[in-house]
Amino acid sequence: MNAIDFSRRQFLVGTGTVAGGFTLAFNIMGNEALALSATPEVNAWVVIKPDDTVIIRIARVEMGQGTLTGLAQLVSEELEADWSKVTTEYPTPGENLARKRVWGNFQTAGSQGIRQSADYVRKGGAAARMMLMQAAANQWKVPVEELTVSKGVITHEKTKRKLSYGKVAAAAAKLEAPKDVALKDPKSWTIAGKPLHRLNQVGKTNGKQIYSIDHTMPGMLNAAIRDCPIFGGKIKSVDSSKAEKMPGVKKIVRFDQAVAVVADTWWRAKTALEAVKIEYDGGEHANLDSKAIAATLRAGLDAPEAFVGNSNGDAHSAIVGAVKKVEAVYSVPYQNHATMEPMNATAVWTPEKCEVWTATQNAEAALATASKAAGLPLDKCDIYRMDLGGGFGRRATSQDFVAQAITIAKELPGTPVKLIWSREEDMAHGCYHPITQCKMTGGLDADGNLVGLHMRISGQSIQATIRPEGLEPNGRDPFTFQGLNAGGAEGAFGYTIPNLLIDHAMRNPPVRPGFWRGVNNNQNAIYLESFIDELAHEAGKDPLEFRRALMKNHPKHLAVLNAVAEKAGWGTPAPAGVYRGLAQHMGYGSYVAACAEVSVSDKGELKVLRIVAATDCGHAVNPHQIDGQIAGSFAYGLGAALMQEITVKDGRIEQENFDTYPILRMEDMPKVETIIMPSGGFWGGVGEPTIFVAAPAVLNAIYAATGKRVRNLPIKNTDLRKA
Amino acid sequence: MIKLNINGKVHSLNVEPDTPLLWAIREQIGLTGTKYGCGVAQCGACSVEIDGQVVRSCSMPVSAVTEKQKIVTIEGMTSKITAALQKAWLDLDVPQCGYCQSGQLMAATALLKTIPNPTDAEIKREMSNICRCGTYNRISAGIKQAASALRA
């Protein structure tokens, strides 16, 4: 995924050097480094203080997924650092821009934090190590080849002399960067690849961790906002006469189709906002509802025109000529990210400068957004990254909260203003997981072999709405086919089917879509893996054996599937009343599979008891964190599959809070057993991939338990009592 | 003026009586470990103790609390139980984003006070706070580890 804000194109100038190679840039003394340590850096990635504290610069952002610790492990590994002395800091996008993007891409989405920067951050650590050792060699006047290093201490064995990194860092900083930087064989890793504790955990257990929503500044005011809840609607009238007189209110700001109240505290701002009477002109979508959206998508299922994602042979003829034709229609609704910490940002604007403190998954996009909203050039703006109370793609898709905070702050030049969305605002103005339907058609021969498959997706393209430049010239959205591609390292289809057609009839309702953990892989895996299961049953074959026959040419896909089948005991009797289902998929560079165990009571109550999950992510930088991501991704994916849907009525989102958009809680969390099986030679993501297989494995287990095929999500809308 | 005893200290606050305790704690006292998640007592991120009982502070107006009642936020949780839970949280790397964990630890403390040796089923029943990162299984393991450490 490349979820880059539309406005970020201006950053693309000169990125070739960053993407293609490694540049060591040196700190210009007295520079703009507001957020960075004052100690001179060894290079852009590494600062070592005289007391041997190692500060590793992190370009990507931590939002719970563990990227910060993983990246620090990779740099530390090559640096030969003492892990107990490692801390981190975030450069700002302004600093990155001023230094010709020496830190590369800041975007933290698409499970790319580690896999797409592992090479250059490791080179940063290795180069710093070489410079530190050279500085020691220079000081001792010995050849650098005679030195060894371990845990941040350089040793000259012949003379038994030792120097810690902190003693030579200042001299190292003045050296030229090495041209040839070799990286370690992952087999020799001692820091990377190990299940180390995460950094920055203590503050998350004692209330001391400062998230974006907690940021304060002297003289800061607080803002609450209500943006027009109707898609395409406009404000007709605003009566703020009562709100203006309420305690603490400083200013009422109306812009675009939003009304914001600025007050001394956020609670007073929110209370006053509720007293503002706003009338809307609903516009052309005023009567839009989920039924109408579903009808639009349904028409796409048989539309003659569609974008092709993957095809070989002649699927139509093969299916028509098949002994048995199987057809099924599925649907997956809109979902909201619903991060625990609602959207927020603190902005200070003056005619000369604009600064923002916020939780964002893409600080460079936030900077571009800030520049536009502030009416100031990029180099007069900056973004200070705060800890995120969850991201899941929401804070990558749109920086709308940054634009709003600045627009409000512009009304109060020089005064810091913190804008916080209420949960209700967050629910109404999400960037929702796109809505789709899918018609699956398959043909079986007399022996139950799959001879043809047509997968017709109908529904929303994320890029068409939020990032149209990401579409191909003919209008096709390649992201729609995540995990369904004919090949490639990102998301390859795991079956060989003699006649195959996967296509997409694009239908774009006026509801803003976004990149939601797993993105299009989620529904693609639900559709494909449910239907493969249906075909297996229609063919009278075991779902595992049916898949294996189609997966002979896809050994990595097959390996994870086999691993979960074996660990879960597929083919052996399950405990009484327990039923199993399988699923596999590949996305964001990783191969994943799951076997779910469920029970369904006579009353139709579903319990997801256990999920065995496997991932081959190439290299596993921190297995303990990967284990956490797998369990967490299941909580996110199962919540959606079991109970969540965002629906539309009267041109707006119906759900307002967690009472109507329930989140999976402890009581519904299954036992999760993980198999982390990195096969080496490639880098796959871990934050998202396992989410793909959570829902389809459960859906297939429900069928095994009840004989009922749930084809429309969420599952709660289907009566699971045995027919 | 409304007076509140928070973490052992009495604060005089100039707030409207219907101000939720959560926002008084965050904006008036400046203790930000107690989080806003939903405002309707659904998620539990705002959990605090009042006289030893865990309460969702987003839905509790300050006027409903008297000066004599002892409010304790995550920053003021110094009991052996909370310390054991915090240690288990770090041992097992429970937090991901961490935003909900103040509330989870408040809820877990309340659980171990009433059920010192909870079963899996009891943990599932009693722990109703939302974690969007899905750290539930490690929360459960953390509670059991802390319970075990407290018995030792």
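Where helices (runs of 4 or more DSSP H) sit wholly within the range B:66-152, those with at least 3 residues that are buried (at least 23 other Cβ atoms within 10 Å of the Cβ) and outside the structural domain of B:Ile6 (by TED's automatic domain parsing) occupy B:80-91, B:101-114, B:136-151.
Looking only at residues in the range A:670-687 that are touching a strand residue (DSSP E or B) at 6+ places or on another chain (Cβ under 7 Å) and within 13 Å of another protein chain (Cβ to nearest Cβ), the one that is surrounded by the most Cβ atoms within 10 Å (Cβ to Cβ) is A:Val686. Does A:Gly64 qualify as being at positive phi and of a type outside the set (Lys, Arg)? So A:Gly64 passes the test. Of the strands (runs of 3 or more DSSP E) lying entirely inside the range A:242-351, those containing at least 1 residues that are within 29 Å of A:Gly390 (Cα to Cα) and either among the hydroxyl-bearing types (Ser, Thr, Tyr) or touching a Ser or Thr at 6+ places or on another chain (Cβ under 8 Å) (or both) span A:249-255, A:258-263, A:324-332, A:344-349. Inspect the range A:249-265 for any residue being within 27 Å of A:Glu411 (Cα to Cα) and exposed (fewer than 15 other Cβ atoms within 10 Å of the Cβ) and give the result as yes or no. Within the range A:249-265, one or more residues are within 27 Å of A:Glu411 (Cα to Cα) and exposed (fewer than 15 other Cβ atoms within 10 Å of the Cβ).
Number of residues in the range A:46-64 that are surrounded by fewer than 24 Cβ atoms within 10 Å (Cβ to Cβ) and either outside the structural domain of A:Ala182 (by TED's automatic domain parsing) or more than 26 Å from the chain's Cα centre (by Cα) (or both): the value is 5.
Output the residues belonging to the range A:653-669 that are surrounded by fewer than 22 Cβ atoms within 10 Å (Cβ to Cβ), more than 7 Å from chain B (Cβ to nearest Cβ) and either β-branched (Val, Ile, Thr) or touching a helix residue (DSSP H, G or I) at 6+ places or on another chain (Cβ under 7 Å) (or both). Passing the criteria: A:Gln655, A:Glu656, A:Thr660, A:Pro662, A:Asp668.
Residues that are part of a helix (DSSP H, G or I) and within 14 Å of chain B (Cβ to nearest Cβ) do occur in the range A:390-400, at least one of them. Please determine whether any residue of the range A:160-174 is in a loop (DSSP other than H, G, I, E, B), without any contact (Cβ under 8 Å) to a residue 60 or more places away in the chain and within 21 Å of A:Val121 (Cα to Cα). Yes: the range A:160-174 contains one or more residues that are in a loop (DSSP other than H, G, I, E, B), without any contact (Cβ under 8 Å) to a residue 60 or more places away in the chain and within 21 Å of A:Val121 (Cα to Cα).
Consider the range A:65-109 and keep the residues that are among the polar types (S, T, N, Q) and outside any loop (DSSP other than H, G, I, E, B). The one that is surrounded by the fewest Cβ atoms within 10 Å (Cβ to Cβ) is A:Ser84. Checked against the criteria, A:Gly589 does not count as more than 19 Å from the chain's Cα centre (by Cα), at positive phi and not aliphatic (A, V, I, L, M).
Applying the criterion of being under 15 Å from the mean Cα position of the chain (by Cα) and among the hydrophobic types (A, V, I, L, M, F, W, C) to the residues of the range A:621-634, the residue that is nearest to the other protein chains (Cβ to nearest Cβ) is A:Phe634. Restricting attention to the range A:266-280, and to residues there that are surrounded by fewer than 20 Cβ atoms within 10 Å (Cβ to Cβ) and farther than 16 Å from A:Ile653 by Cα, which single residue is farthest from the other protein chains (Cβ to nearest Cβ)? Among those that are surrounded by fewer than 20 Cβ atoms within 10 Å (Cβ to Cβ) and farther than 16 Å from A:Ile653 by Cα, it is A:Glu279. Pairs linking a residue in the range A:603-621 that is assigned by TED's automatic domain parsing to the domain that holds A:Ala72 and within 12 Å of A:Phe682 (Cα to Cα) to a residue that is of a type in the set (Asp, Glu) and crowded, with 24+ Cβ neighbours inside 10 Å, with Cβ atoms under 7 Å and 6 or more positions apart or on different chains, do not occur. Scanning the range A:358-385 for residues that are closer than 25 Å to B:Gln96 by Cβ and surrounded by fewer than 24 Cβ atoms within 10 Å (Cβ to Cβ) gives a single hit, A:Tyr384. Among the residues of the range A:594-617, those that are over 19 Å from the mean Cα position of the chain (by Cα) and under 26 Å from A:Ala192 (Cβ atoms) comprise A:Ala613, A:Ala614. The listed residues are A:Ile715, A:Ile646, and the only one of them that is buried (at least 18 other Cβ atoms within 10 Å of the Cβ), β-branched (Val, Ile, Thr), closer than 21 Å to A:Asp289 by Cβ and away from chain B (no Cβ under 13 Å) turns out to be A:Ile646. A Cβ distance below 6 Å, combined with a sequence gap of six or more or placement on separate chains, defines the contacts here; from the range A:639-650, residues that are more than 16 Å from A:Thr718 (Cβ to Cβ) and outside the structural domain of A:Tyr661 (by TED's automatic domain parsing) reach no residue that is modelled with pLDDT of 95 or more and of a type in the set (A, V, I, L, M).
Return yes when B:Gly142 is in contact (Cβ under 8 Å) with a residue 60 or more places away in the chain and either more than 7 Å from chain A (Cβ to nearest Cβ) or under 13 Å from the mean Cα position of the chain (by Cα) (or both) and no when it is not. No: the conditions fail for B:Gly142.
Could we say that B:Gln28 is over 14 Å from the mean Cα position of the chain (by Cα), modelled with pLDDT of 95 or more, closer than 17 Å to B:Gly8 by Cα and within 12 Å of chain A (Cβ to nearest Cβ) here? So B:Gln28 passes the test.
Name the residues in the range A:567-615 that are in contact with a Lys or Arg (Cβ under 6 Å, 6 or more places away or on another chain) and over 29 Å from A:Asp719 (Cβ atoms), would you? The answer is A:Gly589, A:Tyr591.
Of all residues assigned to the range A:557-579, none qualifies as being among the basic types (Lys, Arg) and either in contact with an Asp or Glu (Cβ under 6 Å, 6 or more places away or on another chain) or over 27 Å from A:Ile626 (Cα atoms) (or both).
From the list B:Thr109, B:Thr73, the one residue that fits, being of a type in the set (S, T, N, Q), more than 11 Å from chain A (Cβ to nearest Cβ) and under 15 Å from the mean Cα position of the chain (by Cα), is B:Thr109. Are any residues in the range A:595-641 hydrophobic (A, V, I, L, M, F, W, C), surrounded by fewer than 19 Cβ atoms within 10 Å (Cβ to Cβ) and in contact with a Leu (Cβ under 7 Å, 6 or more places away or on another chain), and if so, which ones? Once the filter is applied, which keeps residues that are hydrophobic (A, V, I, L, M, F, W, C), surrounded by fewer than 19 Cβ atoms within 10 Å (Cβ to Cβ) and in contact with a Leu (Cβ under 7 Å, 6 or more places away or on another chain), the range A:595-641 yields nothing.
Once the range B:39-65 is narrowed to residues that are assigned to a loop (DSSP other than H, G, I, E, B), in contact (Cβ under 8 Å) with a residue 40 or more places away in the chain and crowded, with 18+ Cβ neighbours inside 10 Å, the residue that is farthest from the other protein chains (Cβ to nearest Cβ) is B:Val65.
Summed over the range A:188-211, residues that are at negative phi, part of a loop (DSSP other than H, G, I, E, B), surrounded by 16 or more Cβ atoms within 10 Å (Cβ to Cβ) and not β-branched (Val, Ile, Thr) total 8. A count restricted to the range A:413-439 and to residues that are away from chain B (no Cβ under 11 Å), assigned to a strand (DSSP E or B) and more than 18 Å from the chain's Cα centre (by Cα) stands at 6.
The values are calculated or read from the model by the stated rules, or taken from the named source; none is laboratory data. Since the model is a prediction, treat every value here as computed from it, not as a measurement. Heads up, the Cβs are rebuilt from the backbone with ideal geometry, glycines too, and the neighbour counts pull from every protein chain shown.
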